[in-house]
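Structure, as structure tokens:
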There are 2 protein chains.
Amino acid sequence: MYKSEKLALSLKHLIESGFWKANDKLPSLRQQAETSGFSLMTVMNAYQELEAQGLIYSQEKLGYFVTGDARSESNSNSVILNEKIEINSKIFRYLKSIQSEQMVPFGIAFPNSQLLYSAKLMQTLGQRAKHRLSYEQMPSLPPGNFELRKLIAQRYCMQGIPTDPSDIVITSGGLDALNLSLQAMTQPGDYILLQKTIFYGAWQAAEHLGLKVISIPEHEEHGIDLEAFKDAIERYPIKVCLLMLNSHNPIGFTVSDDIKYQLAKLLHERDIYLIEDDVYEELYFDHKKPLSMKYFDQKNLVLHCSSFSKTLGAGFRIGWVYAGKFSEHIQHLQLMSTLSVNSFIQNALVDYLSHRHYEKHLKTLRNTLKRLKNQYYTYLSEHLSEDYQIHYYPSGYFLWITLPEQINGNLIYEQLLEKNISIAPGSLFYQTDNVPHHIRINCSFEINERIQNALDALIQCIYPEAFE
Amino acid sequence: MYKSEKLALSLKHLIESGFWKANDKLPSLRQQAETSGFSLMTVMNAYQELEAQGLIYSQEKLGYFVTGDARSESNSNSVILNEKIEINSKIFRYLKSIQSEQMVPFGIAFPNSQLLYSAKLMQTLGQRAKHRLSYEQMPSLPPGNFELRKLIAQRYCMQGIPTDPSDIVITSGGLDALNLSLQAMTQPGDYILLQKTIFYGAWQAAEHLGLKVISIPEHEEHGIDLEAFKDAIERYPIKVCLLMLNSHNPIGFTVSDDIKYQLAKLLHERDIYLIEDDVYEELYFDHKKPLSMKYFDQKNLVLHCSSFSKTLGAGFRIGWVYAGKFSEHIQHLQLMSTLSVNSFIQNALVDYLSHRHYEKHLKTLRNTLKRLKNQYYTYLSEHLSEDYQIHYYPSGYFLWITLPEQINGNLIYEQLLEKNISIAPGSLFYQTDNVPHHIRINCSFEINERIQNALDALIQCIYPEAFE
């Protein structure tokens, strides 16, 4: 293989792996030659090869740019058809970067584990471990432990949603629930609707299943932009929506009952299915638990997905989906992938949930998260200027910050990583050809000296004038 | 919709769901009319509709039959191209049927759990539950707990296979490992090679991923038929083989080192990948552990999959794959599906495996399984005539029985189910248009009165003259 071919191949890799994105400028021929040690001629041949393959394009006097293969089609409501989705490599890099124990974990998606594993839960697990009965003859094959499903069904019933244990399928965490639901309900090439800004797992799942994604922007006030939603379902043959309406990750809003009701009406009119990602449902600060879309669901169109990851611990990998008539299909898919969900933990959770420890634990958890979120919000508000918009909502443990337009969230992420501080850059949650100027902060950690220093470093990084 | 259309649709469902298979005879028009309550005319119209759709065909005076859509192409070595694979529904029904606690579990795939969970393991879990450190900040994201991977890597090294912890990816059980490996290595439409008789999970995975399956028959003496294998890889562009060579499920044979070596040579010559399903690797009765194909792998073509499900408990859902250069791709797939594997159990297994309890446990387990398998084999041999071939091999806990040709394994399965006795019918493990005349018996249960009675009922069912 010629040097230029080899170079073209490795540059192609950078484009395909998402390191270089649509309309990114490539290094100039001279730069590339200098850093690579290849001759100018070799570099030029490689660039021309990439151009011939349609991967890059040149603009006179400006240089070479990455071709935009994710052609976007905009209208007044900014409904976007994203024809090709490639977000996976970026997320992989991010998840790897935040795993180190030295890292201050403002970037992680899970709440501080010290708030989750209660003494009672640990005690229950310890007791369970002693009893031979905990180690069942058979693993709990799909749909999972009956008693656990009964307890989960009860919780739905208490929220005004008539539910049988047979409606519930236990999954290996909430992401597994979303992914199995999407797999059961779609074929490659189907249209699905996502929020423009959303938990990256949804994008990944869509990519993996070869789905066409229509995205709608957030509404500044209502969270969901109903006009954009209407427009989208009128223009595209959408089969399934995947939405997060309570304590939205990463932004934090909870959509009002009125908007949910109207949304449900629109879904019913066209028989569009909804996968509702509701993993933060228990983390509201006010007295009233927000309703889920399942509550408004008269036609069995909603698959409601949730888990214990955000309340008892992500390490347990226990989630579920209110699968209704899709139950059997989802079980089929489980029998082909994970076979079943850890039965020891399912047994322990049955004990724990039966004794109402969970309600007490949730109350404590909500109070603690409320106190911490307020502390973080107050401190950040005091030190950042008004050019920084800190989105505060009374639930969950994320603060979503809109940076001034000139500040690149990706750069902030890279800079803080070098100081052993992780944050989640906005670019993980939406696709943009512009500079992403958002960051997400996990504020579930008590502000001790280490956290205080990290918080100050963070402020300094995004707003250098803060402490002057 | 006309009644006949409705009927045609529901009959079509029976064919598509695999309830009726190729060349099965449909009920006669009169029978169908009587049992359904439809008129003879309606039934005839429905049958004609199905015939028009090519789903059934009629033979004069004999009636209607299901069309064989899995056209098979045979040659001297019986290498078979299976164009369409639909095995999932059958397996789902089977797995559901054996879940009941009343059922005598000769049909289950897992060893008797009482032989697995040792007192030491229970103690370790109990101690782990008490310590806050067990509940990590972050779930063990892919590739999984480092210490656990180190311990697994050590075991490989001790078997003469140089292994780094970074070669290992922890998975949600062995099936997840197989499935992720196959997903990482193939694209829909790729050719893979399977054994003709094999763990049904392999068929399911292939079906799900849209792969073209080439199958080779077993060799009566060697387990693997090298001539058929050679023929298959010469005739088809096979990308990946998925094989089980140690304590093969369901038959039980272990392929010799010599055959393994020759197989490895053939794979190397053509750079064909191998996914090695080795979940029974520890359950050999003799002193020498059989070698894995990984041992003969000089070119990093083998992905070796195993788990703790058959030695410590299937309910834990902890398996792994020696993924080598496919590690990152497999981790990508995990981040899109289960996210990660239960970290509490991974932590507990680190404790357990560190203290060499595992070696002692395995020794006891092997001795017990050997004793039980011999007991079952002796008893069955004493009561069945020579027309019944009981395949005995010194490993594992399955006995595979070839019934006389006129006895239908599926019927035996149905008849025993009614007596609350489960067995695994041969039809779960291979595709055939003929009557399947094999059954698989799990013999890991101590022969108490209940098991003795069930064993007698089983013998009576397959060989009514036994106790005369």
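One residue alone among B:111, B:142 is assigned by the TED database to the domain that holds residue B:170 and not hydrophobic (A, V, I, L, M, F, W, C), and that residue is B:142.
Taking (1) more than 23 Å from the chain's Cα centre (by Cα); (2) surrounded by 14 or more Cβ atoms within 10 Å (Cβ to Cβ); (3) outside the structural domain of residue B:286 (by the TED database); (4) farther than 30 Å from residue B:433 by Cα in turn, residue B:365 satisfies each apart from (1). Residues of segment B:319-361 that are away from chain A (no Cβ under 12 Å) and under 22 Å from the mean Cα position of the chain (by Cα): B:320, B:321, B:322, B:323.
Only one entry in A:130, A:120 is among the basic types (Lys, Arg), at pLDDT 90 or above and on the phi < 0 side of the Ramachandran plot, namely A:120. Consider residue A:349 carefully, then state whether it is assigned by the TED database to the domain that holds residue A:240, among the aliphatic types (A, V, I, L, M) and either on the phi > 0 side of the Ramachandran plot or buried (at least 24 other Cβ atoms within 10 Å of the Cβ) (or both). So residue A:349 passes the test. Annotation: of all residues in segment A:123-144 being surrounded by fewer than 18 Cβ atoms within 10 Å (Cβ to Cβ) and not in a loop (DSSP other than H, G, I, E, B), the one that is farthest from the other protein chains (Cβ to nearest Cβ) is A:133.
Residues are listed down the side, and each one gets a yes or a no for (1) of a type in the set (A, V, I, L, M); (2) closer than 27 Å to residue B:400 by Cα:
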| position | (1), (2) |
| --- | --- |
| B:184 | yes, no |
| B:191 | no, no |
| B:195 | no, yes |
| B:198 | yes, yes |
| B:201 | no, yes |
| B:211 | yes, no |
| B:218 | no, yes |
| B:265 | no, no |
| B:273 | no, no |
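If you check B:201, B:223, B:210 for being at pLDDT below 95 and at positive phi, only one passes: B:210.
For the structure I just gave you, tell me whether residue B:161 is modelled with pLDDT of 95 or more, in the same structural domain as residue B:349 (by the TED database) and in contact with a helix residue (DSSP H, G or I) (Cβ under 6 Å, 6 or more places away or on another chain). In short, no. Among the candidates A:310, A:299, the residue that is more than 22 Å from the chain's Cα centre (by Cα), outside the structural domain of residue A:366 (by the TED database) and not in a helix (DSSP H, G or I) is uniquely A:299. The set of residues in segment A:308-318 that are touching an Asp or Glu at 6+ places or on another chain (Cβ under 9 Å), more than 10 Å from chain B (Cβ to nearest Cβ) and not basic (Lys, Arg) contains only A:311. Evaluate segment B:108-119: report whether one residue or more is among the aromatic types (Phe, Trp, Tyr), surrounded by fewer than 21 Cβ atoms within 10 Å (Cβ to Cβ), outside any helix (DSSP H, G or I) and at the interface with chain A (Cβ under 8 Å from one of its Cβ atoms). Checked against the condition, which is being among the aromatic types (Phe, Trp, Tyr), surrounded by fewer than 21 Cβ atoms within 10 Å (Cβ to Cβ), outside any helix (DSSP H, G or I) and at the interface with chain A (Cβ under 8 Å from one of its Cβ atoms), segment B:108-119 yields at least one hit. Give me the residue from segment B:334-348 that is of a type in the set (A, V, I, L, M) and outside any loop (DSSP other than H, G, I, E, B) and, out of that set, nearest to residue B:309 (Cα to Cα). Out of the qualifying residues, it is B:345. Restricting B:287, B:329 to those that are surrounded by fewer than 24 Cβ atoms within 10 Å (Cβ to Cβ), of a type outside the set (D, E, K, R) and in a loop (DSSP other than H, G, I, E, B) reduces the list to B:287. Within segment A:145-201, the set of residues being charged (D, E, K, R) and either within 14 Å of chain B (Cβ to nearest Cβ) or over 13 Å from the mean Cα position of the chain (by Cα) (or both) comprises A:147, A:149, A:150, A:155, A:164, A:167, A:176, A:190. Screening segment B:246-293 for residues that are touching a Ser or Thr at 6+ places or on another chain (Cβ under 9 Å) and among the charged types (D, E, K, R) and picking the one that is nearest to residue B:372 (Cα to Cα) gives B:286. Applying the criterion of at least 3 residues that are farther than 26 Å from residue B:340 by Cα and among the aliphatic types (A, V, I, L, M) to the helices (runs of 4 or more DSSP H) found wholly in segment A:174-242 leaves A:226-235.
What's the total number of residues in segment A:216-239 that are farther than 26 Å from residue A:283 by Cα and in contact (Cβ under 8 Å) with a residue 12 or more places away in the chain? Counting residues in segment A:216-239 that are farther than 26 Å from residue A:283 by Cα and in contact (Cβ under 8 Å) with a residue 12 or more places away in the chain gives 12.
The values are calculated or read from the model by the stated rules, or taken from the named source; none is laboratory data. From a predicted model like this one, the values you see are computed outputs, not experimental measurements. Backbone-built Cβ (ideal geometry, glycine too); neighbour counts: all protein chains shown.
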